[in-house]
1. Within segment 214-227, identify whether any single residue is among the polar types (S, T, N, Q), in contact with a Ser or Thr (Cβ under 8 Å, 6 or more places away or on another chain) and either assigned to a helix (DSSP H, G or I) or at pLDDT 90 or above (or both), and answer yes or no.
2. I need every pair where a residue in segment 18-44 that is without any contact (Cβ under 8 Å) to a residue 24 or more places away in the chain has its Cβ under 7 Å from the Cβ of a residue that is part of a strand (DSSP E or B) and surrounded by 15 or more Cβ atoms within 10 Å (Cβ to Cβ), sequence separation at least 6 or different chains.
3. Given the residues 107, 99, 148, which is the only one that is modelled with pLDDT under 95 and touching a Phe, Trp or Tyr at 6+ places or on another chain (Cβ under 6 Å)?
4. Every residue in segment 176-186 that is over 17 Å from residue 147 (Cβ atoms), in contact with a strand residue (DSSP E or B) (Cβ under 8 Å, 6 or more places away or on another chain) and assigned to a loop (DSSP other than H, G, I, E, B), please.
5. Take segment 174-197 and flag every residue that is touching a helix residue (DSSP H, G or I) at 6+ places or on another chain (Cβ under 7 Å), at pLDDT 90 or above and within 19 Å of residue 52 (Cβ to Cβ).
6. Which of the residues belonging to segment 96-115 are in a helix (DSSP H, G or I), touching a strand residue (DSSP E or B) at 6+ places or on another chain (Cβ under 8 Å) and either at positive phi or among the aliphatic types (A, V, I, L, M) (or both)?
7. So which strands (runs of 3 or more DSSP E) are wholly in segment 1-76 and hold at least 2 residues that are among the aromatic types (Phe, Trp, Tyr) and modelled with pLDDT of 90 or more?
8. Report yes if some residue within segment 181-193 is of a type in the set (D, E, K, R), within 14 Å of the chain's Cα centre (by Cα) and within 21 Å of residue 23 (Cα to Cα); otherwise report no.
Amino acid sequence: MRAQTTSMPRAVPAASLMPFVIVDDVFKVYREGDVETVALRGASMTVQRGEFVVIVGRSGSGKSTLLNIIGGLADTTAGRVTVAGFDLARSDEELRAMVRSKHIGMVFQADNLVPFLTAEENVALPMQLAGRADAGRRARHLLDELGVGARHGHRPEQLSGGEKQRVAIATAIANEPELLLGDELTGELDTMNTDAVLDALAALNARGMTLVIVTHNMRVARRATRILHIKDGLIEESEAAHGDKS
């Protein structure tokens with residue numbers, strides 16, 4: 001009697017083992033009339049869940065363009081970008097907006113806080129828009145965690161640069177994104193405020209949040225677990241870092 005054979009299904013990699021961010025051969029060309037500016041020239045990188053990755057490059061190297069593409073704020077000219085399993089390069093704006101709202105928090109050098117709202121109201125706003133009943137309580141908790149709880153009733157104009165950036169971080173993580181993107185977060189800050197912001201980021205990463213930060217400041221880069229270097233729109237090299245506070 002012939003033995004029965006059964007075909008086994010092909011194994012599918014577990015989602016937790018796949019890179020959370022995949023940038024594959026991405027080009028970005030800006031066109032204005034007959035003038036073309038190439039911001040990215042085949043950039044490729046991956047980021048695993050729970051990593052703290054810093055992308056280092058000079059002004060004009062393409063690092064901010066790359067961050068905006070990962071955040072679904074800009075289209076690619078060519079190439080593939082996947083975040084949390086969603087192919088952003090081939091998605092419409094509705095899907096990209098969903099990915100941003102559910103999976104990504106973003107912080108910029110310009111803090112983007114609403115000037116007439118208090119710190120607490122700024123942090124609560126995205127939670128209120130998402131329909132969370134605990135918005136006020138969680139806003140106060142996040143401000144306390146980031147060391148600015150005592151400033152909860154102050155408007156942005158009444159806060160220092162470092163305080164505003166920490167309120168902006170609290171606002172970005174209010175709805176518990178898996179990925180936090182940051183663009184030159186410490187560019188205008190002194191050493192003390194820079195260290196306070198970096199300590200806040202390191203604490204978030206220690207709790208499992210994935211971080212991708214772009215900067216030209218090696219003091220910032222040394223706090224990461226991995227450093228990527230970008231030049232002329234290409235990721236040129238990667239090096240391990242060790243969260244060094246020096």
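1. Of all residues in segment 214-227, those among the polar types (S, T, N, Q) come to 215, 217, 225.
Restricting the remaining residues to those that are in contact with a Ser or Thr (Cβ under 8 Å, 6 or more places away or on another chain) gives 215, 217.
If we keep only those that are either assigned to a helix (DSSP H, G or I) or at pLDDT 90 or above (or both) as well, we get 215.
The answer is yes; a qualifying residue exists.
2. 30/39
3. 99
4. Hits for segment 176-186 are 177, 178, 184.
5. 177, 178, 179, 180, 181, 183
6. 99
7. Correct list: 21-32.
8. Scanning segment 181-193 turns up at least one residue that is of a type in the set (D, E, K, R), within 14 Å of the chain's Cα centre (by Cα) and within 21 Å of residue 23 (Cα to Cα).
The values are calculated or read from the model by the stated rules, or taken from the named source; none is laboratory data. Note that this is a predicted model, so its numbers are computed, not measured. Please note: Cβ atoms are built from the backbone with ideal geometry, for glycine as well, and neighbour counts cover all protein chains shown.
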